[in-house]
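Novice: Dumping the structure here so I can ask a few things about it.
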Amino acid sequence: MSDSSRQAIENLSTEDRVFPPSDEFAVQANAKSGIHEQAEDDWLGFWEQQARNRITWFKEPTEVLDDSNPPFFKWFKDGELNVTYNCLDRHLDTQGDKVAYHWIGEPGDTRTFTYRELYEEVNRFANGLVELGVKKGDRVAIYMGMIPELSIAMLACARIGAPHSVVFGGFSSDALADRIQDAEAKVVITQDGAWRRGSVVPLKVNADVSAAQSPTIEHVVVVKRTDSEVTMTEGRDVWYHDLVDGRSTEFEPAVMNAEDLLYILYTSGTTGKPKGIVHTQAGYLTGVTTTHSYVFDIKPDDVYWCAADIGWVTGHSYIVYGPLANGTTGVMYEGAPDWPGKDRLWQIIEDYQVTIFYTAPTAIRAFMKWGDEFPAGHNLTSLRVLGTVGEPINPEAWMWYHEHIGGGDRPIVDTWWQTETGAIMITPLPGAVPTKPGSATFSFPGIAADVVDEEGNTVPLGGGGFLVIRRPWPSMLRTIYGDPDRYVQTYWSRMEGVYFPGDGAKRDEDGYFWLLGRVDDVMLIAGHNISTTEVESALVSHRAVAEAAVVGRKDELTGQAIAAFVTLRAGEIGDDKLLHELRDHVASSIGPIAKPKSIVFTDDLPKTRSGKIMRRLLKDISEERQLGDVTTLANADVVQALASMSQTATDDE
């Protein structure tokens, strides 16, 4: 079999720009050159060392990995610990007065919690939940906005040993009910309402609808945030402040086995039924503390801001558990990045002297679209490490981030991971790895990622294919809640003996990983498998483009043709001249085969509330089909606007 025939996905674009770490940064970096090789020489020993050094155990484990029943792997299975003891108690003697969270509300109010204050509030709430009948093993649903009580609720549950299921506050009552019912949650924790762009999201109203459909719910705990009028059901509903007032600030943390359930986090499934991803205690904590320390080069005096929502796994791992276990000072912001102005995030960085900033490529492209003047109006010199998460980042968006936010000399860590992996899997290590715009570079030490063809054979360097993980890792999901068969079928059946996350990737001649998005989004154009990511990156590399999404639509001649949806930078005009220019630009960047057959200029793209572009809906629009479900969109109105537009296309092949 020839090398070219073993490429499952075409490798069309190249990137020659390389940014080595500065000598000054490398000297002080947590991750030193050679760490990958050292970890690979004894990968189990590497993870054992991390677990022993980073976790305070009640009982140390005697076994690292139990792989006797794959893919149901167990890590540190006879160890005992409590995650919140690691996040709170052990810091009290040495840094009890250190700030754990700076919190900024959307209307401008602020709160600060030291580690001791957070410890006391968590214990008060744990005592209150126990009073409501919550005990070890009970599931608790949490449906909240980005307020400190969300983190407090998670930690209180973990302290009791009651697995939590956080449901993103932007989801509907039906989505919440589905998740409550699947987990058979006993309590739901919510708030009267949440601020979003100056308006109130009616969380309590939604929670009431969900609770009415969920017979396992015994109590609804409500945080007063917006002073909205809400209905409180006697005997079932209780105000958070009433529940915690006068409670003891001490609570003995439950002794948990390393493999006990820590939380369930639901992610969308192809069948329509959400998948309850199960994460356990010690392996997860090992993964998030290790990656948080090395990937972000965490130092004791850092002010770290992960600008995600805790409702997603990014917030679980890199706002709550990883940073708190590492004793880090974090920033938490309640609102939207463009409210009340498009410089809100840059103002926060300046005000709090943020040193590490972690956000999504979707947000970066929005910043590009809004204009360079907004970050330029603020002092961002406190920043020393930048990160991206959520999807592949276009090289030109990476360069904008590098120049306009990082001042041209801060390292960028472009991270790949999933809800299922629990922690970062492919990433640069600042100080140890030269970066390339748009590349997640290499596997994290101890992780064995590969790119394979349809038969599971490694694709030679320079080729593209399916991303797989060849061996277990500590923070991996253990199963799908209540459905172990679906766990095996979804993640372990595509290729024997390896984990398949559903993403495509390529590696260049230097071995750098380039993520290509979901394999479901790969387009078959005249017999060539072309990644949407490569075409989108080519479009965004044009001076006029801020963001782009492409899909394959049916075409009688080529099987599929590329349909592009393009958002322009401020001041640019989408006319026929630019349309032809963009098509030619793609052809010259990655080849004529990737030239879009149609281009639609749009002010926005349909996105989920986590910022992911909904290409499925764009495909419906392109093929003039009935639109699919839009209930999870943050901006459903844009879909109707796009559907009513006449497509602008050229057919000059």
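The values are calculated or read from the model by the stated rules, or taken from the named source; none is laboratory data. Everything numeric in this text was worked out from a predicted model, so none of it was measured. Note that we place each Cβ from the backbone using ideal geometry, even for glycine, and neighbour counts take in every protein chain shown.
Novice: Any residue at all in the range 473-481 that's among the β-branched types (Val, Ile, Thr) and either closer than 27 Å to Thr458 by Cβ or modelled with pLDDT under 95 (or both)?
Specialist: There is no residue in the range 473-481 that is among the β-branched types (Val, Ile, Thr) and either closer than 27 Å to Thr458 by Cβ or modelled with pLDDT under 95 (or both).
Yes/no per residue for (1) β-branched (Val, Ile, Thr); (2) more than 30 Å from Thr479 (Cβ to Cβ):
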site: Pro61; (1), (2): no, no
site: Asp67; (1), (2): no, no
site: Phe76; (1), (2): no, no
site: Thr84; (1), (2): yes, no
site: Leu92; (1), (2): no, yes
site: Thr110; (1), (2): yes, yes
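Novice: Given the condition of a type outside the set (A, V, I, L, M), assigned to a loop (DSSP other than H, G, I, E, B), modelled with pLDDT of 90 or more and not assigned by TED's automatic domain parsing to the domain that holds Asp372, answer yes or no: does some residue in the range 511-527 qualify?
Specialist: Checked against the condition, which is being of a type outside the set (A, V, I, L, M), assigned to a loop (DSSP other than H, G, I, E, B), modelled with pLDDT of 90 or more and not assigned by TED's automatic domain parsing to the domain that holds Asp372, the range 511-527 yields at least one hit.
Novice: Are there helices (runs of 4 or more DSSP H) fully within the range 313-413 with at least 2 residues that are closer than 30 Å to Arg159 by Cβ? List them.
Specialist: Counting at least 2 such residues, we get 322-325, 344-352.
Novice: With respect to Thr291, is the statement that it is β-branched (Val, Ile, Thr), touching a Lys or Arg at 6+ places or on another chain (Cβ under 8 Å) and in contact (Cβ under 8 Å) with a residue 40 or more places away in the chain true?
Specialist: Against the criterion (β-branched (Val, Ile, Thr), touching a Lys or Arg at 6+ places or on another chain (Cβ under 8 Å) and in contact (Cβ under 8 Å) with a residue 40 or more places away in the chain), Thr291 does not qualify.
Novice: Follow-up question, since we're still on this one. Within the range 173-194, can you find the residues that are under 12 Å from Ser210 (Cβ atoms) and either under 20 Å from the mean Cα position of the chain (by Cα) or assigned to a strand (DSSP E or B) (or both)?
Specialist: Ala175, Leu176, Arg179, Val188, Thr190
Novice: Taking the range 170-210 as the search range and keeping residues that are out of contact with any strand residue (DSSP E or B) (no Cβ under 6 Å at 6 or more places or on another chain) and of a type in the set (Gly, Ala, Ser), which one is surrounded by the most Cβ atoms within 10 Å (Cβ to Cβ)?
Specialist: Only one residue tops the list, namely Ser210.
Novice: If Glu252 satisfies every condition in (1) surrounded by fewer than 20 Cβ atoms within 10 Å (Cβ to Cβ); (2) within 21 Å of Gly322 (Cβ to Cβ) but one, which is the exception?
Specialist: Among (1) surrounded by fewer than 20 Cβ atoms within 10 Å (Cβ to Cβ); (2) within 21 Å of Gly322 (Cβ to Cβ), the lone unmet condition for Glu252 is (2).
Novice: Name the single residue, out of those in the range 389-423 being among the hydrophobic types (A, V, I, L, M, F, W, C), in contact with a Leu (Cβ under 7 Å, 6 or more places away or on another chain) and closer than 30 Å to Leu467 by Cα, that is surrounded by the most Cβ atoms within 10 Å (Cβ to Cβ).
Specialist: Once the filter is applied, the top-ranked residue is Trp416.
Novice: Any residue that is assigned to a helix (DSSP H, G or I) and surrounded by fewer than 20 Cβ atoms within 10 Å (Cβ to Cβ) - is there at least one of those in the range 149-159?
Specialist: Among the residues of the range 149-159, not one is assigned to a helix (DSSP H, G or I) and surrounded by fewer than 20 Cβ atoms within 10 Å (Cβ to Cβ), which makes the answer no.
Novice: Here is a follow-up. For Ser214, only one of the following conditions fails: (1) surrounded by fewer than 19 Cβ atoms within 10 Å (Cβ to Cβ); (2) among the hydroxyl-bearing types (Ser, Thr, Tyr); (3) without any contact (Cβ under 8 Å) to a residue 60 or more places away in the chain. What is its number?
Specialist: With respect to (1) surrounded by fewer than 19 Cβ atoms within 10 Å (Cβ to Cβ); (2) among the hydroxyl-bearing types (Ser, Thr, Tyr); (3) without any contact (Cβ under 8 Å) to a residue 60 or more places away in the chain, Ser214 is out only on (1).
Novice: Exactly one of these conditions fails for Leu386: (1) buried (at least 21 other Cβ atoms within 10 Å of the Cβ); (2) touching a residue at least 40 places away in the same chain (Cβ under 8 Å). Give me its number.
Specialist: Evaluating Leu386 over (1) buried (at least 21 other Cβ atoms within 10 Å of the Cβ); (2) touching a residue at least 40 places away in the same chain (Cβ under 8 Å) leaves (2) as the failure.
Novice: Oh, and also: Among the residues of the range 33-43, write down those that are in a helix (DSSP H, G or I) and either surrounded by 13 or more Cβ atoms within 10 Å (Cβ to Cβ) or touching a Phe, Trp or Tyr at 6+ places or on another chain (Cβ under 7 Å) (or both).
Specialist: Ile35, His36, Gln38, Ala39, Glu40, Trp43
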